[in-house]
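Before any comments, here is the structure.
The values are calculated or read from the model by the stated rules, or taken from the named source; none is laboratory data. Computed from a prediction, not measured in an experiment: that's the story for all the values here. Cβ placement follows ideal geometry from the backbone for every residue including glycine, while neighbour counts extend to all protein chains displayed.
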Amino acid sequence: MSKNINYRTKLNSETLPKHIAIIMDGNGRWAKKRLLPRTAGHRAGMKSLRKVVETCTELKIQVLTVYAFSTENWKRPEGEVSYLMELLVEYLNKEIKELHDNNVKIQIIGDIQVLNNSCKQEINRAILMTENNTGLIFNIALNYGSRTEIIYAIKQVAEQIQANLITIDDINEQMLSNTLYTSNIPDPDLLIRTAGEMRLSNFLLWQIAYSELWITEKLWPDFGEKDLIKAIVDYQKRDRRFGGIK
């Protein structure tokens, strides 16, 4: 882990976001600018992810959720999808010991049952190894789509109604939140998106209802510790009213 750097003095340790979510975008464009294959951009992006996880651990952020692979990403060329899965296995295999030593707890949101066996085995190994850790919850959104998640939650509620465990009048926001993949963690305070795109891309649509958005033109492989600190400092300057008036 790197040492504290001077620009961190702008941070207010009392108002750090509890949960940071990131849409990691721009790997392909980063590679294209350098006349490299898209796979090179994905590999470079993994280095940025490592830096961000380290920084969140040092700052004692409670939860970090990253959008690793969406349900829509299956539309990409088969070779690129296979490489992304291999890169995930490689990342977990290389990083799991240090993550565990730093008290990081790995969780997955999304449907991983459709992944190949090597992916599932490495994911399950990482989850089991870190399940009792009490530091940063590192939430990886993998084969994740928010609309699919919400449909899943609605079906869970419908099954409870069919079983006469609840009535329609029992349905409320908290009940639905409790049936989402993220039921055990707070909603994101800060959502970061790289590469300048102004869309949510089917990511945590329910959970980010009151999240602060921070968009940067930087491509994900160029995003580092200073950028994360800048996003947090900007977040701390905002007046979060949640629809009310202060």
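For every residue, the table says whether it meets (1) among the aliphatic types (A, V, I, L, M); (2) surrounded by fewer than 19 Cβ atoms within 10 Å (Cβ to Cβ); (3) over 27 Å from residue 227 (Cα atoms); (4) modelled with pLDDT of 95 or more.
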site: 92; (1), (2), (3), (4): yes, no, no, no
site: 103; (1), (2), (3), (4): no, yes, no, yes
site: 112; (1), (2), (3), (4): yes, yes, yes, no
site: 116; (1), (2), (3), (4): no, yes, yes, no
site: 128; (1), (2), (3), (4): yes, yes, yes, yes
site: 131; (1), (2), (3), (4): no, yes, yes, yes
site: 138; (1), (2), (3), (4): no, no, no, yes
Revision key, fill the gap. Within the stretch 197-219, the residues that are over 21 Å from residue 108 (Cα atoms) and of a type in the set (Phe, Trp, Tyr) are 210, 214
Check your understanding: Pairs, please: C-beta under 9 Å, at least 6 apart or cross-chain, first residue over 22 Å from residue 132 (Cβ atoms) and in the stretch 86-107, second among the aromatic types (Phe, Trp, Tyr)?
Key -> 88/69
Revision key, fill the gap. Of the residues in the stretch 196-210, those that are crowded, with 21+ Cβ neighbours inside 10 Å and either free of Cβ contacts under 8 Å to residues at least 60 places away in the same chain or of a type outside the set (Phe, Trp, Tyr) (or both) come to 204, 207
Check your understanding: residue 58 fails exactly one of the following numbered conditions: (1) more than 21 Å from residue 224 (Cα to Cα); (2) assigned to a helix (DSSP H, G or I); (3) among the acidic types (Asp, Glu). What is the number of that condition?
Key -> (1)
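Here is a check on your reading of the model: is residue 161 surrounded by 13 or more Cβ atoms within 10 Å (Cβ to Cβ) and over 22 Å from residue 22 (Cα atoms)?
So residue 161 passes the test.
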Check your understanding: Of all residues in the stretch 32-67, which are free of Cβ contacts under 8 Å to residues at least 40 places away in the same chain and aliphatic (A, V, I, L, M)?
Key -> 35, 36, 40
Review point. Scanning for something touching a Gly at 6+ places or on another chain (Cβ under 6 Å) and farther than 24 Å from residue 112 by Cβ, does the stretch 49-67 turn up at least one residue?
Key: yes
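Confirm whether residue 108 is within 26 Å of residue 28 (Cβ to Cβ), part of a strand (DSSP E or B) and not basic (Lys, Arg).
Numbers: within 26 Å of residue 28 (Cβ to Cβ): yes; part of a strand (DSSP E or B): yes; not basic (Lys, Arg): yes.
The answer is yes for residue 108.
When the residues of the stretch 6-26 are filtered to those that are in a loop (DSSP other than H, G, I, E, B) and in contact with a Pro (Cβ under 8 Å, 6 or more places away or on another chain), which remaining residue is surrounded by the most Cβ atoms within 10 Å (Cβ to Cβ)? Steps first, please.
The initial filter retains those residues of the stretch 6-26 that are in a loop (DSSP other than H, G, I, E, B), namely 11-18, 24-26.
When the remaining residues are screened for being in contact with a Pro (Cβ under 8 Å, 6 or more places away or on another chain), the result is 17-18, 26.
Details: 17: 23, 18: 13, 26: 26.
Restricting to residues being in a loop (DSSP other than H, G, I, E, B) and in contact with a Pro (Cβ under 8 Å, 6 or more places away or on another chain), the top hit is 26.
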